[in-house]
Amino acid sequence: MNITEIKKMLRTLIEYEDSTITHTIPDLIELLYCKASQTFQITTFSDDKVSTYYDIDTACDVLYLILNPVKEKGL
């Protein structure tokens, strides 16, 4: 996914104000949008790290990096 697609997805989550929505990519991440706190929560399954983001741009950047990891040269 590119940045534009990710940001569109996050904006769609915000539009569903009456719900708490969770997206899961098996063995990779879980993305939760909570309407009560208006936050995005990202859980990475590889390390069970849970991070909370209060703005769409930061959440988008983090998701982009997770979904499009930088490949090291020479590997």
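Structural remarks
- Residues that are at pLDDT 90 or above and surrounded by 13 or more Cβ atoms within 10 Å (Cβ to Cβ) number at least 1 in the following strands (runs of 3 or more DSSP E) confined to the chain: 29-34, 39-44, 49-53.
- Any pair with Cβ under 6 angstrom, 6 or more apart, that starts in the range 14-38 at a residue that is within 14 Å of Y53 (Cβ to Cβ) and ends at one that is assigned to a strand (DSSP E or B) and open to solvent by 90 Å² or more (accessible area, probe 1.4 Å): none
- Close Cβ contacts (under 6 Å, 6 or more residues apart or on different chains) running from residues in the range 46-69 that are in contact (Cβ under 8 Å) with a residue 24 or more places away in the chain to residues that are open to solvent by 90 Å² or more (accessible area, probe 1.4 Å) comprise L67/M1.
The values are calculated or read from the model by the stated rules, or taken from the named source; none is laboratory data. Model, not experiment: these values are computed from the prediction. Using ideal geometry, Cβ is built from the backbone for each residue, glycine included, and neighbour counts are taken over all protein chains shown. Areas reflect the complete protein model, heavy atoms only, side chains present, ligands, DNA and RNA absent. Shrake-Rupley method; radii C 1.70, N 1.55, O 1.52, S 1.80 Å.
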